[in-house]
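Just so it is clear, none of the values below were taken in a lab; they were calculated from the coordinates. Just so we're clear, the structure is a prediction, and the values are computed from it rather than from any experiment. Every residue, glycine as well, gets a Cβ built from its backbone with ideal geometry; the counts of neighbours run over all protein chains shown.
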Amino acid sequence: MEQREFYVDLLKKHISNPKMIAHCLAAEAILRALARHFGEDEDIWGIAGLLHDLDVEITNADPKRHALVAAEMLEGVLPAEAVDAIKMHNEEATGLPRTTRFQHALAAGETIAGLIFATALVYPDKKIASVKPKSVTKRMKEKQFAASVNRETIMECEKIGIPINEFAQLSLEALVPIADEIGF
């Protein structure tokens, strides 16, 4: 786990916004759950989730640069497949479509985290533990709810063989154990 601490420190060195740090921690938890589901390397997938937005403050979330700068920063630090997934979570910057399971998993996993956060915030107790998968999938259909959350990206879960209901369940189960750490 010392290695994870190194990556958390790296994240906090480049991101000061606590909500963005919580988002990255959530993406890590979801990616670890997806890695377990697929029998992939949980540490590699998790660290990719953790560091996918490493450059968001450096690039001011510029869609033409975001993820490309992070990939440059992480080249030689992370395995090539993780750097590739991080770069490809923002298709707009690369101009290329996502093609691998890891790429789709990271994009869908980090995006559903935002929808789950928004869903939790409309619950009276504002707790992820209270959110049901059905609520998440219902909110998917409400385009005005969390309008900035790209539903098509979340639906990439189906490109890797996970139906949306199951994906919502897996994601919620991944987030409940870290709810206090991410403020939910």
**Fill in**
Being small (G, A, S), in contact (Cβ under 8 Å) with a residue 12 or more places away in the chain, over 24 Å from E181 (Cα atoms) and out of contact with any Ser or Thr (no Cβ under 6 Å at 6 or more places or on another chain) narrows A22, A71 down to just A71
**Item:** Unmet requirement for L172, which otherwise passes all of (1) within 23 Å of R98 (Cβ to Cβ); (2) buried (at least 22 other Cβ atoms within 10 Å of the Cβ)
**Value:** (1)
**Prompt:** When you go through (1) in a helix (DSSP H, G or I); (2) under 16 Å from the mean Cα position of the chain (by Cα) one by one for R98, which number turns out not to apply?
**Reply:** (1)
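Quick check: is even one residue across region 126-136 closer than 26 Å to K87 by Cα and not in a helix (DSSP H, G or I)? Before the answer, list the steps.
Restricting attention to region 126-136, the residues satisfying the condition of being closer than 26 Å to K87 by Cα are none.
No, that holds for no residue.
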**Prompt:** In region 8-17, is there at least one residue being over 16 Å from the mean Cα position of the chain (by Cα), surrounded by fewer than 15 Cβ atoms within 10 Å (Cβ to Cβ) and basic (K, R)?
**Reply:** yes
**Message:** Given (1) of a type outside the set (G, A, S); (2) over 13 Å from the mean Cα position of the chain (by Cα); (3) under 16 Å from S171 (Cβ atoms), identify the lone condition not met by E28.
**Reply:** (2)
**Message:** Which of the numbered conditions does Q144 fail, given that it passes all the others? Conditions: (1) in a helix (DSSP H, G or I); (2) over 13 Å from A120 (Cα atoms).
**Reply:** (1)
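From the list K143, K138, K87, which residue is charged (D, E, K, R), without any contact (Cβ under 8 Å) to a residue 12 or more places away in the chain and within 30 Å of L68 (Cβ to Cβ)?
K143
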